[in-house]
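The values are calculated or read from the model by the stated rules, or taken from the named source; none is laboratory data. This is a predicted model, so every value here is computed, not measured. Methodologically, a virtual Cβ is constructed for each residue, glycine included, from the backbone with ideal geometry; neighbour enumeration extends over all protein chains shown.
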Amino acid sequence: MENNIVFDDSPRGKQLQAFNRLLDVMDDLRAKCPWDRKQTLESLRHLTIEETYELSDAILKNDLPEIKKELGDVMLHLIFYAKIASEQNAFDIADVLNAQCEKLIFRHPHIYGDTKAETEEEVKQNWEKLKLKEGNKSVLGGVPGSLPALVKAMRIQEKARGAGFDWEEKAQVWEKVQEELAEFESEFNQQDTASINKSLAMAEFGDLLFSLINFARFIEINPEEALERTNLKFIARFQYIEQQAAKDGKSLQDMSLKEMDFYWNEAKKL
């Protein structure tokens, strides 16, 4: 399917041409491909989540060619949802983009109006106030319920800060971390595992994690990214143990912890 829209050779013209081409391809796929015709908003949902995580992986690896590829996959999904909605006479991609532009203009009165906001914190505070004017009943209402708990904790804290509810000094946050750690250790570290109240332990451990995430936010560390980088580091080192053990004709199940530690320390040096 081709239309007769004419674009210039400027960077913006080429971008519009590429976007228009994707719309044309989407129209073709929806009309002619059995798989694409079958898809619904619901059937695409889990695929979109998967594509988002793949984009996240590429960003963490700083793999720019892969980021480009994954951005294309995510963009396709956004176009796909809008195409399905247009078939239901609900909205189309133009409605989506125009609504987003209007929202951004409304929420940036320091750019498009007379409001003053000289710092990032002032921008965030104005943002949350404007969201309440839009009808949100709570500052925390915009945090998706299905977010992973660690990410959700960070977003909750950021939004509370935007409303002015936050610690004043980093030292206060660290003091809270130490307080929660001391409580957890005093309550559970001295007890026999079998006698621990699991429900209470979970609640206290959650408080400890929440305070650590708060401190990470204060020193501008993304806790989700930090933990994922540690995950990747552990995977790389553990797989090194597996590879070296196999080269030596050994099985992990038959190795002592001391033997595995030897390979682990080798992996750390690498």
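Here are the numbers for the structure shown:
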quantity: Matching residues, segment 131-149, being crowded, with 16+ Cβ neighbours inside 10 Å and of a type outside the set (Lys, Arg); calculated: 139, 143
quantity: Verdict on residue 158 being farther than 29 Å from residue 60 by Cα, assigned to a helix (DSSP H, G or I) and touching a residue at least 24 places away in the same chain (Cβ under 8 Å); calculated: no
quantity: Members of segment 150-199 found to be of a type in the set (Lys, Arg) and surrounded by 14 or more Cβ atoms within 10 Å (Cβ to Cβ), listed by number; calculated: 152, 155, 159, 161, 176
quantity: Residue 168 being within 30 Å of residue 207 (Cα to Cα), free of Cβ contacts under 8 Å to residues at least 24 places away in the same chain and either part of a helix (DSSP H, G or I) or in contact with a Leu (Cβ under 8 Å, 6 or more places away or on another chain) (or both); calculated: no
quantity: Index of the failed condition, residue 101 passing every other in (1) at pLDDT below 85; (2) in a helix (DSSP H, G or I); (3) closer than 30 Å to residue 84 by Cα; calculated: (1)
quantity: Some residue of segment 118-125 being under 30 Å from residue 99 (Cα atoms) and not in a helix (DSSP H, G or I); calculated: yes
quantity: Condition broken by residue 191, with the remaining ones in (1) assigned to a helix (DSSP H, G or I); (2) modelled with pLDDT under 85 satisfied; calculated: (1)
quantity: Among residues of segment 55-72, those that are buried (at least 16 other Cβ atoms within 10 Å of the Cβ) and under 14 Å from residue 23 (Cα atoms), counted; calculated: 0
quantity: Any hit, segment 37-54, residues being loosely packed, with under 11 Cβ neighbours inside 10 Å, modelled with pLDDT of 95 or more, over 25 Å from the mean Cα position of the chain (by Cα) and in a helix (DSSP H, G or I); calculated: yes
quantity: Number of the condition not met by residue 208 [criteria: (1) of a type outside the set (Lys, Arg); (2) surrounded by 18 or more Cβ atoms within 10 Å (Cβ to Cβ); (3) over 26 Å from residue 166 (Cα atoms)]; calculated: (3)
